[in-house]
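The values are calculated or read from the model by the stated rules, or taken from the named source; none is laboratory data. Since the structure is predicted, the reported quantities are computational estimates derived from the model, not experimental observations. All Cβ positions, glycine included, derive from the backbone under ideal geometry; neighbour counts span all protein chains shown. Quick note on the areas: whole protein, heavy atoms, side chains included, nothing else; ligands and nucleic acids left out. Shrake-Rupley method; radii C 1.70, N 1.55, O 1.52, S 1.80 Å.
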Amino acid sequence: MIYTETTLYKAWESYNKTITHRFYTYGHSIILLILFEFLMWVAASPNVLAYNGTDLWFKLSRFLPGGTLFVSLAIIGMWAWRLREDWFGIKTRKQLKNDASLKKKNPKFIPKPKPKYRPNWHYFGFQVVEGFAYSALILMLLPPITYALMWIITSDIDVPSPLDANDVFQGFHTNFFQNAGLAFGAGFYEELIFRGYLFAGLSWLAGKVSYLKKLKAQSVKVDVVKFSLPKYNPKDRGFLLAITVGTMIYALSHYLIPFGDAWSWYSFVYRFFFGLIMYFIFVNRGFSIAAWAHAFYDFWYFVLN
């Protein structure tokens, strides 16, 4: 039997094709945001001024009225509306405008109703499991790979413990629910900001420079950003710029003073490679799986440290 005709291969093809629908992206995003805000509310403590093991976004958000709650609620409301459009077959404003334009050109034109979308609920679970599998591989393989690379460069390796050590906030502690909430929040927000909008913006800027757009990068559309992201073409200068600068910004964002983590070359290289891995998961497996992989990785990191 030819491999492409096997039941397993066809199931995998169906899974990959189906999860590209925006229903899965928005559904998973809403779940992550609800878990994040709920757990942070449940675990709120006046004795904790900042949370260890979190990134700058969350550290700074603690000083804002409501923290990230208002941002999260806005995203949940906006994407829940889009889920409603798909579930009940409600046309978007753009689709209605297109129907009106066709009707104006041809009075006999009868717009077709938008079909109601019904997702495969099993695939929601499969995406979570896939994200968990990637997180486990990263957790097991990235530390020894980073250590081996640093050993090749220098014999004097400073491995901070924990990786996100911070002198300013030492002495403040988190609990299990805070860590879980932070993991879900980081999974969503960091992927959206650093793997979504940052790379998309850098790719767009690179396309505006003639020196960088001589070679066209193969691109993939991601439904949480408006632009296309570079996929695979190391020969493309624009791709190299976007992937290198974007990943460096992600890694360096962890060290912003005074809320950043203590600097070390090991932690920088570690985060740089982590950013690269998450980027390739993002563009190849989609936002939902990347967000869950990031969330699970952070969760296990918090638990083990």
Using 0.36 nm per residue, how much length does the chain from Lys97 to Tyr117 gain when fully extended, once their Cα-Cα distance is taken away? 5.1 nm
For Trp81, solvent-accessible area (1.4 Å; no DNA, RNA or ligand), Å²: 130
Scattering profile of region 112-158 at q = 0.14 Å⁻¹ [log10 I(q)/I(0), Debye over alpha-carbon scatterers]: -0.58
Dipole of region 88-164, positive direction: furthest Cα of Gly131, Phe109, Ile145, with charges on the beta-carbon: Phe109
Sorting His122, His21 on solvent-accessible surface, 1.4 Å probe, most exposed first, gives His122, His21
Rank Ile145, Ile157, Ile152, Ile138 by accessible area, highest first, at a 1.4 Å probe radius? Ile152, Ile145, Ile157, Ile138
Between Ala136 and Val209, take the C-beta separation as r, use R0 = 41 Å, and let me know the FRET efficiency to the nearest 0.05. 0.55
Quick one: which of 7-14, 125-132 comes out on top by average Cβ neighbours within 10 Å, and what's the full order, highest first? 125-132, 7-14
